[in-house]
Amino acid sequence: MRKKMVAANWKMNLLQADALHFLEAISKSHLIDFSALDAVIFPPSIYLEKMISRSPQGVQIGAQNFYFENNGPFTGEICLEQLKSINCSCVLIGHSERRIVFSETPQMISEKLNAAVKNGFNCILCIGESQSVRESGDHLLFLHAQLEESIGQLDENVIRNLSLAYEPVWAIGTGLTANLEQINEVHNFIRSYLLKHFPTIGSSLRILYGGSCNEQNAKEIFSCPNVDGGLIGGASLDCSKFLEIIRAAHEVSGIEH
Ligand code: 13P
């Protein structure tokens, strides 16, 4: 059975003191069994080193962004070797905000993913359709193209540590969560793609849902058969809400409190 994963994408939020306070609160929350699920926090990169050194067992701290080259004239960027040098081994790739606000192309996302998996990083790859694609009814075709251009050429040996996140763009930060029918349709579709292209490991890769997932709807969403956890934005900024979401993942996994 796939272990659930709950990941917090803090985006460009929280000051350092808040971030460290959050981590301390998580460490003290004995109700949560972090060995029974994977928890990941993606803070702003300037907090990575401090948070990695203070993170409790079972909570990974990952980078929201990096550049795929090894070094060189790329002002403002961080490379994977630099992340490794502070013991960071987890990255987020393909988030719609990187695609839309920072114009990351499918080619760049594929280069980033290639570099990260080959360097042994745990990766979460985000895919998701816009409102207009959803309205056109072509969302599965669109998502298929996003899967093809990012993982279609990869060998299954290198993607063992990959998780996917379905994040419909129209549900991100809008309070509009995809309904269970929509979530099931897409997650089942992604699972079929994975099973077809990666027959040996396709059933073991996790598929997370992201897009206005919160402490109130997490349990219902995580109960869908091909939803293996969540990638949480807004609700992950509040420690008690984040812990509630983790608790929901525990309950769905049959872990008692
Ligand atoms: P919200 O949970 O704020 O909708 O954001 C989702 C997201 O973008 C996570 O990566």
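The values are calculated or read from the model by the stated rules, or taken from the named source; none is laboratory data. Please read these numbers as outputs of a predicted model, since none were measured by experiment. Ideal geometry is used to build each Cβ from the backbone, glycine not excepted, and the neighbour counts take in all protein chains shown.
Filtering 164, 143 for residues that are away from the ligand (no atom under 12 Å from the Cβ), in a helix (DSSP H, G or I) and of a type in the set (A, V, I, L, M) leaves a single hit, 143. Can you name the residue in the stretch 31-57 that is part of a helix (DSSP H, G or I) and not hydroxyl-bearing (Ser, Thr, Tyr) and is also modelled with the lowest pLDDT among such residues? Checking each candidate, the answer is 54.
Looking only at the stretch 114-173, residues that are within 15 Å of residue 187 (Cα to Cα) and of a type in the set (Phe, Trp, Tyr) come to 2 in all. Within the stretch 175-192, how many residues turn out to be part of a helix (DSSP H, G or I) and either within 15 Å of residue 216 (Cβ to Cβ) or in contact (Cβ under 8 Å) with a residue 40 or more places away in the chain (or both)? Count: 8. The numbered conditions (1) away from the ligand (no atom under 16 Å from the Cβ); (2) closer than 28 Å to residue 39 by Cα; (3) surrounded by fewer than 17 Cβ atoms within 10 Å (Cβ to Cβ) are all true for residue 102 except (1). Only residues that are under 16 Å from residue 78 (Cα atoms), of a type in the set (A, V, I, L, M, F, W, C) and in contact (Cβ under 8 Å) with a residue 40 or more places away in the chain were counted across the stretch 94-122, and they come to 6. Among the residues of the stretch 1-46, the one identified as aromatic (Phe, Trp, Tyr) and surrounded by fewer than 20 Cβ atoms within 10 Å (Cβ to Cβ) is 34.
Considering the stretch 158-185, the residues that are β-branched (Val, Ile, Thr) and closer than 15 Å to residue 135 by Cβ include one that is modelled with the highest pLDDT, namely 169. In the set 255, 246, 201, only one residue is assigned to a helix (DSSP H, G or I) and closer than 23 Å to residue 60 by Cβ; that residue is 246.
Annotation note: of 155, 228, 238, the sole residue that is more than 30 Å from residue 119 (Cβ to Cβ) and either surrounded by fewer than 23 Cβ atoms within 10 Å (Cβ to Cβ) or touching a residue at least 40 places away in the same chain (Cβ under 8 Å) (or both) is 238. Evaluate the stretch 124-146: report whether one residue or more is touching a Cys at 6+ places or on another chain (Cβ under 7 Å) and closer than 30 Å to residue 54 by Cβ. No, the conditions are met nowhere in the stretch 124-146.
Please return the ranges of helices (runs of 4 or more DSSP H) entirely within the stretch 62-135 where 2 or more residues are at pLDDT 95 or above and under 28 Å from residue 182 (Cα atoms). Walk me through how you get there before you give the answer.
Details: elements: 80-85, 96-100, 106-118.
Per the criteria, 96-100, 106-118.
On the given criteria, is residue 61 away from the ligand (no atom under 16 Å from the Cβ) and either closer than 25 Å to residue 129 by Cβ or in contact (Cβ under 8 Å) with a residue 12 or more places away in the chain (or both)? The answer is no for residue 61. Among the residues making up the stretch 79-99, those that are buried (at least 19 other Cβ atoms within 10 Å of the Cβ) and farther than 22 Å from residue 232 by Cα are 80, 83.
Only one of the numbered conditions (1) over 19 Å from residue 172 (Cβ atoms); (2) of a type in the set (A, V, I, L, M, F, W, C); (3) touching a Cys at 6+ places or on another chain (Cβ under 7 Å) is violated by residue 40, and that is (1).
Scanning the stretch 223-252 for residues that are within 14 Å of the ligand (Cβ to nearest atom) and under 29 Å from residue 157 (Cα atoms) gives 229, 230, 231, 232.
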